[in-house]
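Heads up: the structure comes next, in structure tokens.
Here, each number is a calculation from the coordinates, and none is a lab measurement. On a predicted model such as this, the values are computed, not experimentally measured, just so you know. With ideal geometry, Cβ positions are generated from the backbone for all residues, glycine too; neighbour counts draw on all protein chains shown.
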Amino acid sequence: MPSHTQQSAVTVLGLGPMGRALAGAFLDAGLAVTVWNRTPGRDLELAGRGASSAPSPEAAVAASPLTVLCVVNYDAADAIVRRDAVAAALKGRTLVNLSADTPGRARDTAAWAAGHGVGYLDGAIMTPTGTIGTPAAVFLHSGPADLYDEHRPVLEALGGAHTHLGSDIGRAASYDIALLDLFWTAAAGYAHALAVARAEGVTARELAPFAKNIAAILPAVIESGVAEVETGRFSGEGNPMTSAASSMRHIVQAAEAHGIDSGVMRAAEGLVRRAIGRGHGADGFLRVTDLLNPVSANG
Ligand code: NDP
């Protein structure tokens, strides 16, 4: 319930690049915003646009019924909110944690919040700062549906697509981890490809149109992967694992001939060779998914 001390619709704790983008989007949407950051000075531009700068995190959370927290990880989040004064100020209000970390940390923070009478939603931001406040932004949320519905209008002021993934508080972080796993391994592959190409005298500009074509294959791989994981049948028709292993070996050989570290590709090749060793040489590459889950590593 709003108290007489409240003067804003939403508080933003954490004014790194993302926190500043969130606070700026709330301001652009016409909301009264209170901000706080550990290191002073990051609030200046926002204050110039009308945000109220709070002198402490407890004063900041007391200013609004809803607080959005966006810092580097949950160690930083804990350092801010898990203090008596802040917990007391948050009691009866709602905290939405858009910091990134593991599903386990999200569940731990939810348990802390429940123990302190704090409404808690967890979330993940899946797009860069430049998208915030635009239709291109993507937000994932998890936690109690009634709490999400109550604060949805303010959260939607951030623009973009907001998806509530259910009441399991760890679900947004689970999606975040899985999607960032895909992103960072793909980005690591691109960095390696650039290094190998450069060593062979091929520029990034020359490679780019063909690299984009390779990346454009991924959506179809993702779509067919759904059916393969659901049925447990990984078709290697057209590209069996034995062929993938040969292709990966060539990449390792070509890279290492130039002294380029090939740890990522060696790891992928290792998985493929294990799958072949278990008799899956005729299957498609995504069969290695089963090797990665210990409970289903049956064969
Ligand atoms: P950072 O991940 O670098 O986070 C910076 C913020 O964390 C600053 O407010 C910083 O405060 C604060 N912080 C760090 N350590 C502590 C601490 N011990 N105690 C208190 N505050 C601390 O930058 P971003 O703003 O870009 O990211 C914030 C979150 O958003 C991250 O979890 C990130 O993964 C996520 N995200 C970011 C995206 C992006 O494009 N930037 C995209 C999607 C998600 P101080 O200024 O005092 O150092």
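Observations on the structure shown:
- Dipole moment magnitude, nearest 20 debye, region 1-139 about Cα centre, only Lys, Arg, Asp, Glu C-beta charged: 100
- Percent of alpha-carbon pairs separated by more than 19 Å within region 174-298: 55
- Across region 143-299, Cα pairs under 8 Å and at least six residues apart give a relative contact order of 19 percent.
- Loop-located GluC sites (Glu not before Pro) in region 213-296, at most 15 other Cβ atoms within 10 Å (DSSP): Glu237
- FRET efficiency estimate (nearest 0.05) - Cβ-Cβ, Ser235 to Tyr190, R0 35 angstrom: 0.85
- With the cut-off at under 17 Å, measuring from each backbone N in region 242-285 to a point 7 Å along the Cα-to-Cβ line of Ala199 picks out 247-269.
- Rounded Å value of the spacing that divides the Cα centres of region 221-251 and region 104-177: 34
- Computed lengthening from Ala267 to Arg82, 0.36 nm per intervening residue step minus Cα-Cα distance: 62.6 nm
- Region 86-206: C-alpha gyration tensor shape, a/c 1.5 cut-off, then a/b vs b/c: prolate
- The residue list Gly117, Ala275, Val202 was ranked by how far each Cα lies along the charge dipole of the chain toward its positive end, using unit charges on Cβ atoms, and Val202 comes out on top.
- Distance cut-off 20 Å, percentage of C-alpha pairs in region 208-281 lying past it: 45
- With neighbours defined as other Cβ atoms within 10 Å of a residue's Cβ, the residues Lys91, Lys212 order from fewest to most as Lys212, Lys91.
- Where only C-alpha atoms are counted, convex hull volume of the chain per residue in Å³: 165
- Asn213-Asn293 pseudo-label distance in nm [points 7 Å out on the Cα-to-Cβ vector]: 3.5
- Per-residue Cβ neighbour rank within 10 angstrom, fewest leading, Arg107, Arg49, Arg205: Arg205, Arg49, Arg107
- Taking 0.36 nm per residue of separation and subtracting the Cα-Cα distance, full extension of the segment from Asp149 to Ile260 would add 34.8 nm.
- Simple Cβ-charge dipole of the chain, Lys/Arg +1 and Asp/Glu -1, about Cα centre, in debye nearest 20: 380
- With 5 Å bins from 0: P(r) over region 10-170, alpha-carbon pairs, percent: 2, 10, 21, 25, 23, 15, 5, 1
- Net charge contributed by nearby residues that have their C-beta within less than 15 Å of Gly263 (K/R +1, D/E -1): -1
- Potential extension, Ala114-Asp181 segment - 0.36 nm per residue separation minus Cα distance: 21.1 nm
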